[in-house]
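Engineer: Got a structure here, written out as structure tokens. Questions coming.
The values are calculated or read from the model by the stated rules, or taken from the named source; none is laboratory data. Note that the structure is a prediction, hence the values are computed from the model and not measured. For neighbour counting, all protein chains shown are included, and Cβ atoms are generated from backbone atoms with ideal geometry for every residue, glycine included. Accessible surface areas use protein heavy atoms only, side chains included; no ligands, DNA or RNA. Shrake-Rupley method; radii C 1.70, N 1.55, O 1.52, S 1.80 Å.
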Amino acid sequence: MSFFKGVYQVNIRVRNIKNAVNWYEEMLGLHVTKDYGGTVVLGVGEGQTAICLIELKEGEELPSADVSGSYPVLHLAEKHAETFKNELRERCVSVDEEAGVAHFKFYDPEGNKLEAYLPGLYEKEEYAHLR
């Protein structure tokens, strides 16, 4: 028995909230649903887990995903599975190149690691060309 119904939101720490919000809106197509100043909630889609950007306090250091091993994996929409990685490259976003087309890691301007993943990629034969 689980005590939870799902994941409510994913928190991502950033140095500059305004720059981060602009990047997540422009590069990932997210939209602001709540703005509390140093904390901004971004919507992915109706009923989906929100991404919450939280600005670091003065003197606070940005945690490294490599140290903690924690980073969000974003559900890649099927209609963008073939093009999203190239779109990020064209926009000069840092993308791990060794990975496949529809499952790869990329980084926001703060150095936060994010992962794009098309659910069913490894189970469905129609997605084989995207691996």
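Engineer: Out of Glu78, Glu61, Glu46, which single residue is among the charged types (D, E, K, R) and within 20 Å of Tyr107 (Cβ to Cβ)? Before you say what the answer is, go through the steps one by one.
Structural biologist: Working: Glu78 fails: within 20 Å of Tyr107 (Cβ to Cβ); Glu46 fails: within 20 Å of Tyr107 (Cβ to Cβ).
Result: Glu61 is the single residue among Glu78, Glu61, Glu46 that is among the charged types (D, E, K, R) and within 20 Å of Tyr107 (Cβ to Cβ).
Engineer: Keeping to segment 113-131, report how many residues are open to solvent by less than 20 Å² (accessible area, probe 1.4 Å) and closer than 20 Å to Cys52 by Cα.
Structural biologist: Result for segment 113-131: 3.
Engineer: Could you please tell me which pairs satisfy a Cβ distance under 6 Å, a separation of 6+ or placement on different chains, a first residue in segment 7-19 that is without any contact (Cβ under 8 Å) to a residue 60 or more places away in the chain, and a second residue that is among the charged types (D, E, K, R) and surrounded by 14 or more Cβ atoms within 10 Å (Cβ to Cβ)?
Structural biologist: Ile17/Glu55
Engineer: Can you tell me which residues in segment 81-127 are small (Gly, Ala, Ser) and either touching a residue at least 12 places away in the same chain (Cβ under 8 Å) or out of contact with any Lys or Arg (no Cβ under 7 Å at 6 or more places or on another chain) (or both)?
Structural biologist: Taking segment 81-127 and keeping what is small (Gly, Ala, Ser), we get 81, 94, 99-100, 102, 111, 116, 120.
Across segment 81-127, the qualifying residues are Ala81, Ser94, Gly100, Ala102, Gly111, Ala116, Gly120.
Engineer: Any residue in segment 62-75 that's open to solvent by 50 Å² or more (accessible area, probe 1.4 Å): show its pairings with residues that are among the hydroxyl-bearing types (Ser, Thr, Tyr) at Cβ separation under 8 Å, as long as the two are six or more apart or on different chains.
Structural biologist: Val73/Tyr117; His75/Tyr117
Engineer: On to the next question. I'd like the full set of residues that are surrounded by fewer than 19 Cβ atoms within 10 Å (Cβ to Cβ), touching a strand residue (DSSP E or B) at 6+ places or on another chain (Cβ under 6 Å) and more than 19 Å from Ser64 (Cβ to Cβ), limited to segment 89-112.
Structural biologist: If the condition is that a residue be surrounded by fewer than 19 Cβ atoms within 10 Å (Cβ to Cβ), touching a strand residue (DSSP E or B) at 6+ places or on another chain (Cβ under 6 Å) and more than 19 Å from Ser64 (Cβ to Cβ), then Arg89 is the only one that fits.
Engineer: Here is a follow-up. Please specify each residue of segment 86-123 satisfying the condition of being assigned to a loop (DSSP other than H, G, I, E, B) and within 11 Å of the chain's Cα centre (by Cα).
Structural biologist: Of segment 86-123, the ones assigned to a loop (DSSP other than H, G, I, E, B) are 91-94, 96-102, 108-112, 118-123.
Scanning segment 86-123 gives Asp108, Asn112.
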